[in-house]
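Asks: This is the structure, below, for whatever I ask next.
None of the figures in this text is laboratory data; all of them are computed from the coordinates on show. Please read all numbers here as calculations on a predicted model, not as lab measurements. Here the Cβ positions follow ideal geometry from the backbone for every residue, glycine too, while neighbour counts run over all protein chains shown.
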Ligand SMILES: [Mg+2]
């Protein structure tokens with residue numbers, strides 16, 4: 001996968017976050033502060049501009065620019081968390097022109113570790129980790145398998161009680177709502193397949 005692939009991936013995420021903006025915000029209205037869709041849409045719109053302005057030369061440049069822009073533009077917890085995802089992917093992949101599926105899967109494992117550390121969260125806490133963690137081993141199989149695992153993981157958050165983030169203030173009342181962060185993470189992973 002070359003620079004063009006990674007640009008296509010991020011463009012697909014941008015397009016789909018825009019299309020799902022209101023849905024993501026509605027999910028966040030139920031158990032958060034009703035800004036997840038609008039925050040991410042603003043962030044990825046800024047990413048779209050940054051990628052045109054900087055015309056990145058390598059896959060890692062695409063990922064680092066994406067992560068840095070998200071940290072700068074997206075408020076709340078999701079800016080730093082998504083920023084860490086893309087920046088860790090970039091760092092892990094390193095300065096290469098083409099990335100193998102194995103190297104990308106390893107980079108995602110690094111990114112999962114970095115996000116878990118930053119959020120001090122684990123699987124089952126009803127966060128984006130519940131979509132990302134099952135996708136990481138599935139990436140060793142195929143993008144299709146990873147997309148399916150992320151979607152299933154996001155759906156499974158509906159029955160979880162939130163233990164991290166704003167939704168955790170709701171305690172038992174967080175049960176019955178799909179987590180917005182896990183939902184957007186499933187979009188990010190599924191966009192790999194689409195790209
Ligand atoms: Mg929010």
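Asks: On C-alpha positions alone, give me the angle between the axis of helix 78-93 and the longest principal axis of the chain, in degrees, nearest 10.
Replies: 30
Asks: Here is a further query. Take peptides 35-42, 181-188 and line them up by average Cβ neighbours within 10 Å, highest first, as a rough protection proxy. Don't jump to the answer; show the numbers that get you there.
Replies: On the way: 35-42: 22.5, 181-188: 25.9.
Order by mean packing, descending: 181-188, 35-42.
Asks: Could you give the C-alpha radius of gyration of the chain expressed as a fraction of 2.2 N^0.38 Å, taking N as the number of residues it contains?
Replies: 0.94
Asks: Order the peptides 73-86, 141-154 from the highest to the lowest mean number of other Cβ atoms within 10 Å of their residues.
Replies: Details: 73-86: 21.4, 141-154: 19.7.
The densest-packed peptide leads the list: 73-86, 141-154.
Asks: Kindly list the residues of region 1-15 that lie in the label zone of residue 57, defined by a backbone N under 14 Å from the point 7 Å along the Cα-to-C-beta vector.
Replies: The answer is 3.
Asks: Per DSSP helix of 4 or more residues, -39500 (n - 2.57); summed, then divided by the residues of the chain. What does that give at 222 nm, rounded to the nearest 500?
Replies: Working: 9 runs with 136 residues, N = 195.
The per-residue figure over the chain is -23000 deg cm²/dmol.
Asks: Would you mind pulling out the separation of the Cα centroids of region 93-114 and region 31-51, in Å?
Replies: 24
Asks: With axes computed from alpha carbons, what is the tilt in degrees of helix 21-31 against the longest principal axis of the chain, rounded to the nearest 10 within 0 to 90?
Replies: 40
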